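Visitor: Take a look at this one; I'll ask things after.
The values are calculated or read from the model by the stated rules, or taken from the named source; none is laboratory data. In this text the structure is predicted, and so the values were computed from the model without any measurement. In this analysis, Cβ positions are derived from the backbone assuming ideal geometry, glycine residues included, and neighbour counts consider all displayed protein chains.
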């Protein structure tokens, strides 16, 4: 086996991001959803093997999206990050398309199989829509003003929302039977983490646009830094940073009423303070390397945000 080819493939699918997706979904089920269900003596609808297939479907669709993104971004990447180009340099274009199609079919197929076996409705259709959205994002929407950023952020939030969505019919049945399941608590936490995922992803996508502005400008992209300019784009990112920091502070004030001391301490140290650091460094960033460092720090904050789910295992 050609180790260089294997390494290039893992780089192409962005394996670190796929680990993030799998970790997010596993932690949400086992630290948040399952404890709530078990407290009410209920087993989640999508559980065990079927949940494993759900995670595999999410990972496969994301991997397919990463491949097709690099396929369409080949010329731009030769300018923005020539040392990281894989398509056509190590992996031929036709093989990239073949892997995209295979992984997309796996993700869609698993969705329909879960529908059939568990009674979840339209998961297969949702996965099909996700594949098409990622394709159109890579082929054209990415070059449009803001819409590509918002779409990517929504799909990031969907990674969390889909887990609760898969329990919709089950939750309605549970609600009709009048069990002790705290559906309102599940809904609040679902939208809390989905909201965090959306905003932090939107911030990172715009920062990445600032990093890649030279290549994007040469190929007539209409990203925010090109349309609005760098200063206005920084203000846009800063506003969203203020929103997410303020929201997290409000959440910590709320949870302190329940004496969640360690949870609040973790959030302040591992999430809020790094976000404040990003806010300060944002206006001092001017080069592609500056924005790349900011993007890396934002990715770390995404990870610390995911890991905060552990606390719900102990406090729920």
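Visitor: Could you grab me the full set of residues in the range 269-313 that are over 17 Å from residue 205 (Cα atoms) and without any contact (Cβ under 8 Å) to a residue 24 or more places away in the chain?
Guide: Of everything in the range 269-313, those that are over 17 Å from residue 205 (Cα atoms) and without any contact (Cβ under 8 Å) to a residue 24 or more places away in the chain turn out to be 269, 273, 277, 280, 284.
Visitor: Out of (1) within 17 Å of the chain's Cα centre (by Cα); (2) surrounded by fewer than 22 Cβ atoms within 10 Å (Cβ to Cβ), the odd one out for residue 188 is which?
Guide: Failing condition for residue 188: (1).
Visitor: Further question: Would you confirm whether any residue within the range 153-175 is exposed (fewer than 14 other Cβ atoms within 10 Å of the Cβ), at pLDDT below 95, in a helix (DSSP H, G or I) and touching a helix residue (DSSP H, G or I) at 6+ places or on another chain (Cβ under 7 Å)?
Guide: Scanning the range 153-175, I find at least one residue that is exposed (fewer than 14 other Cβ atoms within 10 Å of the Cβ), at pLDDT below 95, in a helix (DSSP H, G or I) and touching a helix residue (DSSP H, G or I) at 6+ places or on another chain (Cβ under 7 Å), so the answer is yes.
Visitor: Let me ask you something else. Has the range 208-223 got any residue that is free of Cβ contacts under 8 Å to residues at least 12 places away in the same chain, within 23 Å of the chain's Cα centre (by Cα) and either farther than 30 Å from residue 290 by Cα or not in a loop (DSSP other than H, G, I, E, B) (or both)?
Guide: First, pick out the residues of the range 208-223 that are free of Cβ contacts under 8 Å to residues at least 12 places away in the same chain: 217.
Within this subset, residues satisfying the condition of being within 23 Å of the chain's Cα centre (by Cα) are none.
Among the residues of the range 208-223, not one is free of Cβ contacts under 8 Å to residues at least 12 places away in the same chain, within 23 Å of the chain's Cα centre (by Cα) and either farther than 30 Å from residue 290 by Cα or not in a loop (DSSP other than H, G, I, E, B) (or both), which makes the answer no.
Visitor: Within the range 23-81, considering only helices (runs of 4 or more DSSP H) that don't extend past its boundaries, which have at least 2 residues that are surrounded by fewer than 24 Cβ atoms within 10 Å (Cβ to Cβ) and either under 14 Å from the mean Cα position of the chain (by Cα) or modelled with pLDDT under 85 (or both)?
Guide: Here the list reads 49-72, 74-80.
Visitor: Also: Given the condition on the phi > 0 side of the Ramachandran plot and surrounded by fewer than 19 Cβ atoms within 10 Å (Cβ to Cβ), answer yes or no: does some residue in the range 258-272 qualify?
Guide: yes
Visitor: Right, another one. When you scan the range 113-132, how many residues do you find that are assigned to a helix (DSSP H, G or I) and surrounded by 17 or more Cβ atoms within 10 Å (Cβ to Cβ)?
Guide: Residues meeting the conditions: 10.
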